[in-house]
There are 2 protein chains.
Amino acid sequence: MKTRITELFNIEHPVVAGGMIWCSGWRLAAAVSEGGGLGLIGSGSMEPEILREHIVKCRQATDKPFGVNLPIFSRHSEAFVEIILAERVKIVFTSGGNPERFTKLLKKRGIIVAHVVANRKGALKCVEVGVDAVVAEGFEAGGHNGREETTTMALVPDIRNRIDIPLVAAGGIATGRGMLAAMALGAEGVQIGTRFAASEEASCSEAIKKTIIFSKDGDTDFVLKKLSPVRLWKNEFYQRVKEYETRNASEEELLDLVGFGRTKKGIFEGDLIEGEIEFGQIASVIKDVKPAAEIIKEIVAEYEQMKQKLP
Amino acid sequence: MKTRITELFNIEHPVVAGGMIWCSGWRLAAAVSEGGGLGLIGSGSMEPEILREHIVKCRQATDKPFGVNLPIFSRHSEAFVEIILAERVKIVFTSGGNPERFTKLLKKRGIIVAHVVANRKGALKCVEVGVDAVVAEGFEAGGHNGREETTTMALVPDIRNRIDIPLVAAGGIATGRGMLAAMALGAEGVQIGTRFAASEEASCSEAIKKTIIFSKDGDTDFVLKKLSPVRLWKNEFYQRVKEYETRNASEEELLDLVGFGRTKKGIFEGDLIEGEIEFGQIASVIKDVKPAAEIIKEIVAEYEQMKQKLP
């Protein structure tokens, strides 16, 4: 399958594995890239020197293209950029912030830059500042997302109508069916998170992988809109967040409740009660934990099969 | 295009126009059916004798199949059923309630029954009580919807994996791209609302049609979760709802704020300030008001065109 996304990143399949905190280390990124997709190292949960280590190890593990996800709002973002430049990373997916901040610098150093957006305005900004590809992420995605709550079905065609640069769809995609739907909406590639969190190579806790494969529709909710809105799995920690929000708790109270280290506790350590656990609505269709390369194979095969079956 | 949905309803294109309050009178239903889709009369905003009038007029206007949307929670639902039976309506789409309530009775009288659901449990219930087709409606849809907030991208494949009866996707679909995406997700037809609200034959106010075609992403929000959750256009009335909800107002206060007749004021009379105005997120891609038959033609043509362009 050839699209502008496979050409831009020089990959076999237009499948990007989202750079997920506590999931997307060098093992997952390398496995995805070896499988013909684009693996991303998720720096969001790393200290700068840890990111360097993952880049080095990823390069040792694969000769194929891989990238780094760079959360612009991170207190480490400047340090991440230095490491990305020093280690000559060739692909960067920025998210959570204004793409103006790093795009020019990264591009000047020959890096291909994609940026994740959740609304039309963000997509137009990407074009303005010279981003190479836009990732349009819908409300159903896990983790942090846009306040407008625009879903993939509504967001992707709206952005497709307004920008000409390569477009990747994200949110609600875990299978060949989802990928086919995304391409129908006007995307030229997909960014997939939750399905790869439930892969053998993801560094999240086994407890999280099990939680994903046993979860059903309605098991996640989009909360913490006063801070940075995020889709959480409905565990006991979530229930407390919900109670606080119902009584209109202040930002300070919410920050206090969330505290520090909760995503590590949840996603990495597998504390299913007190941890902050993030995954997308599409978890409901995921039934097994597999090697990432097999997941890609399965998605691409189902894509072809479903394409033939379209009425 | 042939699917189990075109066969079940004996229609040319697998396109159902949702039975929208204050929009879907006999004119729109007949125009959609004449255009090769399935038109539905939306009884939700009608008195029982008004529904009878619309059924009679619709039958005078078209020889093709059409149906009635029956909101199960309506205080008139028993009266609607009597009229549906007396007037020998052949197709009924039930929504907003338990499909057990009327399915057996309607089926005994030879009526084809579809039921609208927003979650997996609802779809399984449909199969159990003998519904002929399930409409899976995602979070992005306009008007009342499920508390789980599951989007079309996540809901349709989840339900497709679990039921074998004919499946229609709804929510976020207004174009051939959207229809192609829905079919990719496993649907065999689409139910389209907002696009047909912006048709010449829809009985809503011209002000509403203009509001739809000028709206952009982020212009609607899903609120009133303490009452019956609904996606509203963000006007001044909505802002007050939001204020009430932010301070955790009680059900009684919210009921008092909404009062009676607000959807009529908004959708039918076009009061853009004080009216309750409901449409879906996909309004952002709608750019013109057209005859319903032309809308169907355009959707089907774009479907074919986009299908050919799939990578």
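Any read-out appearing in this document is the output of simple, stated calculations on the displayed coordinates, not a laboratory observation. As the structure is a prediction and not an experimental result, all values here were calculated from the model. As a convention, Cβ positions derive from the backbone with ideal geometry for all residues, glycine included, and neighbour counts pool all protein chains shown.
Taking 25 °C and 0.890 mPa s as the conditions, I'd like the Stokes-Einstein D for the protein assembly as shown in µm²/s, using the Kirkwood hydrodynamic radius from alpha carbon pairs. It diffuses with D of about 99 µm²/s by this estimate. Evaluated with a Cβ-only charge set (Lys, Arg +1; Asp, Glu -1), the range B:215-281 carries a dipole of roughly 160 debye about its Cα centre, given to the nearest 20.
Determine, from the Cβ-Cβ distance of A:Arg262 and B:Lys309 and an R0 of 30 Å, the FRET efficiency 1/(1 + (r/R0)^6), rounded to the nearest 0.05.
On the way: r = 44 Å, r/R0 = 1.48.
Efficiency for this residue pair is about 0.10.
The loop-placed trypsin sites (Lys or Arg not before Pro) in the range B:81-118, going by DSSP, that have at most 11 neighbouring Cβ atoms within 10 Å of their Cβ come out as B:Arg88.
Across the residues of B:215-228, average count of Cβ atoms on other protein chains within 10 Å?
Numbers: counts 0, 5, 15, 10, 2, 4, 3, 3, 0, 0, 0, 1, 0, 0.
Mean shielding by partner chains, rounded to a whole number: 3.
List the equivalent ellipsoid semi-axes of chain A in whole Å, largest first, each obtained as the square root of 5λ for an eigenvalue λ of the Cα gyration tensor. Mind dumping the intermediate values first?
Numbers: eigenvalues 139, 101, 84 Å².
Each semi-axis is √(5λ); the values are 26, 22, 20 Å.
A Cβ-based charge dipole, computed about the Cα centre of the protein assembly as shown with Lys and Arg at +1 and Asp and Glu at -1, lands at about 1080 debye. Stretched out straight at 0.36 nm per residue, the stretch from B:Glu236 to B:Lys216 would grow longer than its current Cα-Cα span by 5.5 nm. Karplus-derived 3J(HN,Hα) values for the range B:89-97, using 6.51 cos²θ - 1.76 cosθ + 1.60 with θ = phi - 60°, are 5, 9, 9, 10, 9, 8, 7, x, x Hz; glycine and proline are entered as x. For chain B, the dipole from Cβ point charges (+1 on Lys and Arg, -1 on Asp and Glu) about the Cα centre works out to 760 debye, to the nearest 20. Extent of the range A:108-234 along its three principal axes (Cα atoms, max minus min coordinate, largest first): 42, 33, 32 Å.
Converting the Cα gyration tensor eigenvalues of the range A:214-281 into ellipsoid dimensions via √(5λ) gives semi-axes, longest first, of 19, 14, 10 Å. My understanding is that a pair violates if its Cα-Cα distance is over 21 Å; which of A:Lys216/A:Lys265; A:Lys209/A:Lys265; A:Lys290/B:Lys309; A:Lys121/B:Lys287; A:Lys234/B:Lys121 do that in this structure? Violating the 21 Å limit, Cα to Cα: A:Lys216/A:Lys265; A:Lys290/B:Lys309. For B:Asn161, the distances from its label point to the matching points in the remaining copies are 3.2 nm, ordered from shortest, with each point set 7 Å beyond Cα toward Cβ. Look at the stretch B:276-285: the mean tally of other chain Cβ atoms within 10 Å of its residues' Cβ atoms is 4.
Please give the length that would be gained between A:Lys104 and A:Glu49 if that part of the chain were fully extended, namely 0.36 nm times their separation in residues minus their C-alpha to C-alpha distance (nm, one decimal). Can you show the working numbers first?
Working: separation 55, 0.36 × 55 = 19.80 nm, distance 2.39 nm.
Net length gain for the segment: 17.4 nm.
Determine one quarter of the surface area of the Cα convex hull of the range B:239-311, which equals its mean projected area, and express it in nm² to one decimal. That works out to 8.1 nm². Per-residue Karplus couplings for the range A:215-228, computed as 6.51 cos²θ - 1.76 cosθ + 1.60 with θ equal to phi - 60°, are listed in order as 7, 10, 4, x, 8, 10, 8, 9, 9, 6, 5, 6, 9, 10 Hz, Gly and Pro entered as x. Farthest towards the positive end of the charge dipole of chain B, among the residues B:Leu51, B:Val190, B:Asn69, is the Cα of B:Val190, using unit charges on the Cβ of Lys, Arg, Asp and Glu. Note on chain B: dipole from Cβ charges, positive end direction compared against B:Val134, B:Tyr244, B:Val81; the farthest Cα belongs to B:Val134. Restricted to Cα atoms, the range A:12-107 shows a radius of gyration and a Dmax of 12.1, 34 angstrom. Distances between placed amide hydrogens fall under 5 Å for B:Asn161 paired with no residue 5 or more residues away or on another chain. Principal semi-axes of the equivalent ellipsoid, √(5λ) from the alpha carbon gyration tensor of the range A:106-172, are 21, 13, 9 Å from largest down.
With a 10 Å cut-off around each Cβ of A:246-257, the average count of Cβ atoms from other chains is 1. A straight Cα-to-Cα reach below 23 Å connects A:Lys90 with the lysines A:Lys2, A:Lys57, A:Lys64, A:Lys104, A:Lys107, A:Lys108, A:Lys125, residues fewer than 8 places away in its own chain not being considered. Placing a label point 7 Å from Cα along the Cα-to-Cβ axis, B:Ala86 is separated from the same position in the other copies by 8.3 nm, shortest listed first.
A:Phe73 label point (Cα plus 7 Å toward Cβ) to equivalent points in the other copies: 3.3 nm, shortest first. Close amide H partners of A:Glu140, meaning residues 5 or more places away or on another chain with modelled amide H under 5 Å apart, are A:Thr152.
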